[in-house]
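Worksheet for the structure shown next.
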Amino acid sequence: MTRQRLFLLVIASLLIVLSWWQIATARTGLVVQSLSRNGIPMLYVAPARSQKMPGVLIAHGFAGSKQLMLGYAYTLAHAGYAVMLWDFGGHGANNKPLARLSLQSDLNSAYKALLAQPGVDPQRVAVLGHSMGSGAAMTAAVLDRDRFAATVAISPTQAAVTPQFPINLQLQAGSWEPRFVATAQQLLQQAGGESQGRSLIVIPNAEHITILFRQASHQAAKTWLDRSFGIQNASNYTDNRMTWYGVHLLAWLLLLGTVAPAISHKILSQPSRIWQRFPAGGASDLLFQAVIQADDSMIVGKRDRLKSWLGLILSPLGAIGVLVLLNSFTEIASLGGVLVGGALGIWFYAAGIVWLLANMRLSRLTLSGMGLGLWLFLLLWVAFGAMAQVVWLQWWLVPVRLQLWLWLSLLCFPWLLASGIAQQQAGIKSRFIWWWGQSLVLVVGLLATIQFLPQLGFIFLLLPVFPLFLAMFAIASACVKDIWAYAIGCSLFFSWAIAAAFPLVG
């Protein structure tokens, strides 16, 4: 390893250690305790050794988890509040399938668990929710009027609010999510308009997901609860954990770029072929020759690049066609027992097959390539997920989600294999163009899919996330030259992320 690579390795390692230290520092002075009630995974966050604390229930939204709401929990806990978070059925670590009637039951279990904690004042309890969780929060505050002294609804859905209830209602929406801003304005009018106990705040430069990480949203919720409870609060805590998560992820990608070339050379220098030639003239040999070309160092020509671009552009058409066809036979939104996520996997599979057929130029699969792919998966798994588990995402998969991961990885594989072929031996400029092109086709293709299948509309809220994943994959492709290793590692990782995020259904 050269001195330059050794220096970068040291820098990456120091940034990883620093990031974990900053994440640990955010817990200073707090109690962070995992617990379970009625089979519901919960997380309790509160100041250490405090008495008569006001309590806050925090409910996540669709495809979210208790971890996704931790920015509010840490901000409020450092300000003296006892906070209870939980996973709704079918979400996060909750094995039970999602059922809308269970939302209020789950919230009620969390309420009882919160009051059971020592030092929580049962007379001062508030509820905060995001999206799907905002509807549950407002409904609970209307139905159980004596329980909650304040309500915060972020990116709100519809609820039967009135000018009297919920008491002390704050509505928040991001400036980049106009549909939810309109819903918040409608709810405000339904609740009697702006007043001492009614407020609407539009968080600038935020949409449905990023609003959860905006300091302006955290502080607005804290200020509203302080005023509702008559608390003079001097807390100056700001939640920077997502910033350090970003530093941690970038440091791991830097580490990947530093060590991958050496590891790739070592692993791939002695290839062990899995696929061998069959006797000449046999049908198997003809099929093999039609799919695989033996020259591993083949340089993609101009004609091949054009075919690959054409395959990429046409790939959403195949995906939409397959999903529309499936929708005529089954409920497309709940394929495989997972809401939207199963359909998304089918989308990538069909689109990947179309793209793959346009540029079928495969080098041979080897044991060393498989090993490198597994190594890449483990590195991406740690880089993205190890810290995400304690910052914003339920990364550990419960057993039922592990089963989903296995078949989702097969569905995602063709797209990533085609992506690896397209970027093979590309320079930095070409990789950037491929990243931009894939991002554009993916976003436009998914938007078109929603037009044909509106029941998959939740994908719209996730569109900003896909270019970020593709950027990670572009870096991985530049570091790991073997297209099989790239496809194996990235498909295993990407499918894990899908299996972790989307809700389970019965």
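The values are calculated or read from the model by the stated rules, or taken from the named source; none is laboratory data. Because the structure is predicted, anything quoted here is derived from the model rather than measured. All Cβ positions, glycine included, derive from the backbone under ideal geometry; neighbour counts span all protein chains shown.
Values for this structure:
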item	result
Condition check for L406: assigned to a helix (DSSP H, G or I) and surrounded by fewer than 21 Cβ atoms within 10 Å (Cβ to Cβ)	yes
Output for the range 140-156, where each listed residue is surrounded by fewer than 21 Cβ atoms within 10 Å (Cβ to Cβ) and in a helix (DSSP H, G or I)	V142, L143
Which numbered condition T75 fails, given (1) of a type outside the set (G, A, S); (2) under 21 Å from M242 (Cα atoms); (3) at pLDDT below 95	(3)
Test: R147 is among the charged types (D, E, K, R), closer than 30 Å to K112 by Cβ, assigned by TED's automatic domain parsing to the domain that holds Q219 and in contact with a Leu (Cβ under 6 Å, 6 or more places away or on another chain)	no
Selected residue (criterion: nearest to K66 (Cα to Cα)) from residues of the range 23-51 that are part of a loop (DSSP other than H, G, I, E, B) and touching a Lys or Arg at 6+ places or on another chain (Cβ under 8 Å)	G39
Unmet criterion (only one of (1) under 30 Å from the mean Cα position of the chain (by Cα); (2) modelled with pLDDT of 95 or more) for P97	(2)
Hey, A426 small (G, A, S), more than 25 Å from W252 (Cα to Cα) and either in contact with a helix residue (DSSP H, G or I) (Cβ under 8 Å, 6 or more places away or on another chain) or in a helix (DSSP H, G or I) (or both) or not	no
Matching residues in the range 97-139 - criterion: being of a type in the set (D, E, K, R) and either within 23 Å of A191 (Cβ to Cβ) or surrounded by fewer than 24 Cβ atoms within 10 Å (Cβ to Cβ) (or both)	R100, K112, D121, R124
Answer residue from the range 436-460, given it is under 21 Å from P178 (Cβ atoms) and in a loop (DSSP other than H, G, I, E, B) and is modelled with the lowest pLDDT among those	F458
Selection from the range 52-70 of residues that are modelled with pLDDT of 95 or more, over 15 Å from H130 (Cβ atoms) and in a loop (DSSP other than H, G, I, E, B)	none
The range 198-246: number of residues that are in contact with a helix residue (DSSP H, G or I) (Cβ under 8 Å, 6 or more places away or on another chain) and free of Cβ contacts under 8 Å to residues at least 40 places away in the same chain	9
Total residues in the range 185-239, condition in contact with a strand residue (DSSP E or B) (Cβ under 6 Å, 6 or more places away or on another chain) and among the hydroxyl-bearing types (S, T, Y)	3
Among residues of the range 112-153, those that are farther than 30 Å from R49 by Cβ, hydrophobic (A, V, I, L, M, F, W, C) and within 27 Å of the chain's Cα centre (by Cα), counted	4
Pick from the range 335-373, criterion part of a loop (DSSP other than H, G, I, E, B) and over 21 Å from the mean Cα position of the chain (by Cα), ranking: surrounded by the fewest Cβ atoms within 10 Å (Cβ to Cβ)	M360
Filter pass, I459 being under 22 Å from S409 (Cβ atoms), in contact with a strand residue (DSSP E or B) (Cβ under 8 Å, 6 or more places away or on another chain) and of a type in the set (A, V, I, L, M, F, W, C)	no
Every pair of residues 6+ apart whose Cβ atoms lie under 7 Å, when the first sits in the range 1-20 and is more than 22 Å from A388 (Cβ to Cβ) while the second is of a type in the set (A, V, I, L, M, F, W, C)	M1/A262; L8/L254; L9/L255; L9/V259
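Here's the yes/no breakdown for (1) free of Cβ contacts under 8 Å to residues at least 60 places away in the same chain; (2) at positive phi; (3) in a strand (DSSP E or B):
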position	(1), (2), (3)
Y72	no, no, no
G80	no, yes, no
L85	yes, no, yes
P97	no, no, no
